[in-house]
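Peer 1: Once you've had a glance at the structure underneath, I'll fire off some questions.
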Ligand SMILES: *Cc1c(COP(=O)(O)O)cnc(C)c1O
């Protein structure tokens, strides 16, 4: 079943990419496996799925140990609490949800102590694009300052931006948020990162990833369409 779901999602990616003349190979599928057992992750991996996303730092750490024999690319996509940063670092995950200078500094500190002097973790900045009180993510007006700070830390490699737009079952409602983050992304690349542009935009979930791909997403995070309801 998971194998079929993955090929169905890959087909949807292909169709959406074709809409705007994009190469589907430029879109990374992160299978969101939160709350699902490691055995299902193994099954998906066997079906050719390499990147997996987890929301809870301890769950990520435990699963990365349990199936440590698989060369999985882990993505941490949940809210990061300062005291849990170490678990995500231990799993050597791509950290998609850096949203404050404090969290960035704690990540850098943990990378240094847990992974050694010469290691750097890839990360993205989560932006609170819908200005929602209940959501994490940096406010757009503080984005440039945070991006600059992360760039000064040798333990972190800033790759791009991540958003979770306000939920609406109609995917078209997500489009303005995807367009807004794309504008902020372009602006950063014209100013702070003119020499070495950010490359990743993580946006799009089971219900709206086609629209995200049309709006130049490079990482989509898909849970339900692969693993079923949680
Ligand atoms: C759970 C989750 C997803 C996946 O959502 P689905 O609707 O199940 O595809 C993607 N991104 C984040 C941040 C999540 O928490």
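A short reminder: the numbers here are calculations on the coordinates, not readings from a lab. Nothing here was measured: the structure is a model prediction, and the numbers come from that model. Cβ placement follows ideal geometry from the backbone for every residue including glycine, while neighbour counts extend to all protein chains displayed.
Peer 1: Which one is nearest to the ligand (Cβ to nearest atom) among residues in segment 212-227 that are surrounded by fewer than 24 Cβ atoms within 10 Å (Cβ to Cβ) and not in a helix (DSSP H, G or I)?
Peer 2: 223
Peer 1: Now for a different question. Within segment 25-48, how many residues are touching a residue at least 60 places away in the same chain (Cβ under 8 Å), closer than 15 Å to residue 7 by Cα and in a loop (DSSP other than H, G, I, E, B)?
Peer 2: So the count comes out to 1.
Peer 1: Across segment 29-48, what is the total count of residues that are away from the ligand (no atom under 12 Å from the Cβ) and either under 24 Å from residue 208 (Cα atoms) or buried (at least 23 other Cβ atoms within 10 Å of the Cβ) (or both)?
Peer 2: Qualifying residue count, segment 29-48: 6.
Peer 1: Which numbered condition in (1) under 24 Å from residue 21 (Cβ atoms); (2) within 12 Å of the ligand (Cβ to nearest atom); (3) buried (at least 19 other Cβ atoms within 10 Å of the Cβ) is the only one that residue 185 fails?
Peer 2: (2) is the only condition that residue 185 fails.
Peer 1: Has segment 63-73 got any residue that is at negative phi and in contact (Cβ under 8 Å) with a residue 60 or more places away in the chain?
Peer 2: Within segment 63-73 (the criterion being at negative phi and in contact (Cβ under 8 Å) with a residue 60 or more places away in the chain), the answer is no, since none of the residues qualifies.
Peer 1: Name the residue that is surrounded by the most Cβ atoms within 10 Å (Cβ to Cβ), counting only residues in segment 197-211 that are touching a residue at least 12 places away in the same chain (Cβ under 8 Å) and more than 10 Å from the ligand (Cβ to nearest atom).
Peer 2: Only one residue fits best here, namely 201.
Peer 1: Continuing with the same structure: When you go through (1) crowded, with 17+ Cβ neighbours inside 10 Å; (2) touching a helix residue (DSSP H, G or I) at 6+ places or on another chain (Cβ under 7 Å); (3) without any contact (Cβ under 8 Å) to a residue 60 or more places away in the chain one by one for residue 172, which number turns out not to apply?
Peer 2: The single condition residue 172 does not satisfy is (1).
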